[in-house]
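The next block holds one structure in the form of structure tokens; read it before the comments.
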Amino acid sequence: MISGEHQVSDLVGRVVDAFRDQVGRDPDGVWAAPGRVNLIGEHTDYNDGFVLPAAIDRLVLVAAGRRDGGRLRLWSLQAGPPADLELAAVGPGRVEGWAAYPAGVAWALGQAGAQLGGADLVVDGDVPAGSGLSSSAALECATAIALADLHGARLDRQALAGLARRAENEVVGVPSGAMDQMVSMLGRAGHALFLDTRSLETEQVPLPLEESGLCLVVIDTRAGHRLVDGAYADRKAACEAAAAVLGVPALRDATLEQVEAAAEALGDPGLRRARHVVTENARVLEAVALLRAGHLDRLGPLLAASHASLRDDYEVSSPELDTAVEAAVDAGAAGARMTGAGFGGSAIALVRADLAGRVADRAREAFAAAGFGPPEVTTVLPSDGARRLA
Ligand code: GLA
């Protein structure tokens, strides 16, 4: 069986009830932002490259109310203990734990000139944390639209995505790229978001899963990943070093020929890291061309090539992710790959709708046979970005 999404109305009811319990009155509103899958374009966004993510039907909700004074009070039904902070005291290195995400957003809004007052926020949702589906960007983006609306800050979605990323980079301390917050803000139902992370130009590319008889299966390995660990920053530094060797502003500007010609200077693993980024950018452009031409069903080989490159050249897969991908393909998936930063987290598989159950079964069997804990298998739908729900 594949577990389905929660009803959004149930989630709204739950977060409003929780707000009433904590704050003793109704919230002024409820806002939400989605998690995401990345179809293709992994570890390209901090190289000024291309990505093709989709927002999914899993949300982080924020019930929010204004309060007098300058305090930000935060509760989460999932993430950790409540926090009660003086807004003026929030900044880089000054907030610990999950509260750094919403408090960091408040700080970033303030840095952008927004006049924020005090607020009470209660957070709930169904984006599993640590699953590689960007629960942190969803939390940041839901907080950003909630606080901006609550205090009348006039900032467009792209600006809010930038502030949400700034919170993650500077207050949480994860040097992530632009992808997750952009798609959580700008996603559109039935579409993937083609994003040029240098110009921040976007194109909504149709992803007609149902019409094509396909579905997107997510296999959450439950082997949690933590971006705060050094591996992500390591990869980013390796890419910057490779760009410097090649004499280009970013790996986005390098060709495969240039990379191969510089093999000796790049060394190992520099050559492989650079080769992943350059070939992955090309795969994104190919995927977009296929989708524009209505060939969603032909994406499989690109997904497979992306996974192999992430596993062998970029070395950010894991035994669990490889097992998930192999099981999905074995069970008849058109293509599968790890999604997100890697080092654990989730794989996605593009699967004929009638084979989704078989993919789920095969993944569970393969995990059991390998001695891994059971994966969580679900289907997701390309969905709208951040919005007010109540
Ligand atoms: C994480 C980061 C993104 C991106 C991916 C890898 O999700 O937050 O910016 O770098 O990893 O593609």
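Laboratory data are not the source of any read-out in this text; all were calculated from the coordinates shown. Predicted model, so just to flag it, every value in this text is computed and none were measured. No Cβ is skipped: glycine too gets one built from the backbone with ideal geometry, and neighbour counts run over all protein chains shown.
Taking Pro53, Pro81, Pro206 as the candidate residues, the one with maximal mean-square fluctuation in a Gaussian network model of the chain, Cα springs under 10 Å, is Pro81.
With contacts taken as Cα pairs under 8 Å at a separation of at least 6 residues, the chain carries a relative contact order of 24 percent.
Say the dipole of the chain comes from +1 at the beta carbon of Lys and Arg and -1 at that of Asp and Glu; which of Pro375, Val171, Ala192 then lies farthest toward its positive end? Going by the Cα projections, it comes out as Val171. Taking Lys and Arg as +1 and Asp and Glu as -1, the other residues whose beta-carbon sits under 12 Å from that of Val183 total +1.
Ordering Gly80, His43, Val284 by Cα displacement along the dipole of the chain toward the positive end leaves Gly80 in first place; charges were set at the Cβ atoms of Lys, Arg (+1) and Asp, Glu (-1). With contacts taken as Cα pairs under 8 Å and at least 6 residues apart, segment 242-324 reaches a relative contact order of 24 percent.
Evaluate the Kirkwood expression for the hydrodynamic radius of the chain, namely the inverse of the mean inverse distance over all pairs of different C-alpha atoms, and round to one decimal in Å.
21.1 Å
Quick one: among Ser136, Ser199, Ser306, which has the greatest mean-square fluctuation in a GNM of the chain with alpha-carbon springs under 10 angstrom? Fluctuation is largest for Ser199. Adding -39500 (n - 2.57) for every DSSP H run of four residues or longer, then dividing by how many residues the chain holds, sets the calculated 222 nm ellipticity at -13000 deg cm²/dmol. Quick check: from the Cα gyration tensor, does segment 1-104 come out rounded (a/c under 1.5), prolate or oblate? Cα axes put segment 1-104 in the oblate bin.
Other residues with beta-carbon under 12 Å from the beta-carbon of Gln111 carry, at +1 per Lys or Arg and -1 per Asp or Glu, a net charge of 0. Net charge dipole, segment 1-150: roughly 260 debye, given to the nearest 20, about the Cα centre with Cβ charges of +1 for Lys and Arg and -1 for Asp and Glu.
Pair-distance distribution P(r) for segment 77-157, from all Cα-Cα distances in 10 Å bins starting at 0: 17, 53, 28, 2 percent. Each Lys and Arg adds +1 at its Cβ and each Asp and Glu adds -1 at its Cβ; summed about the Cα centre, segment 310-390 shows a dipole of about 420 debye.
Net charge near Arg66, counting Lys/Arg +1 and Asp/Glu -1 over other residues with Cβ under 10 Å of its Cβ?
-2
Using a Gaussian network model of the chain in which every pair of alpha carbons under 10 angstrom is joined by a spring, one finds that among Gly332, Gly230, Gly35 the greatest mean-square fluctuation is at Gly230. With θ taken as phi - 60° and the Karplus curve 6.51 cos²θ - 1.76 cosθ + 1.60 applied, the whole-hertz 3J(HN,Hα) list for segment 331-336 is 7, x, 4, 5, x, 7 Hz, x standing for glycine and proline. Around the amide H of Tyr314, modelled in the peptide plane, lies no amide H under 5 Å away from a residue 5 or more places distant or on another chain. Each residue of segment 296-306 was assigned a 3J(HN,Hα) from its phi angle through the Karplus curve 6.51 cos²θ - 1.76 cosθ + 1.60 (θ = phi - 60°); the sequence is 3, 5, 9, 6, x, x, 5, 4, 5, 5, 4 Hz, with glycine and proline shown as x. Each Lys and Arg adds +1 at its Cβ and each Asp and Glu adds -1 at its Cβ; summed about the Cα centre, the chain shows a dipole of about 640 debye.
In terms of the mean number of neighbouring beta-carbon atoms within 10 Å, the peptides 266-275, 345-354, 236-245 order highest first as 345-354, 266-275, 236-245.
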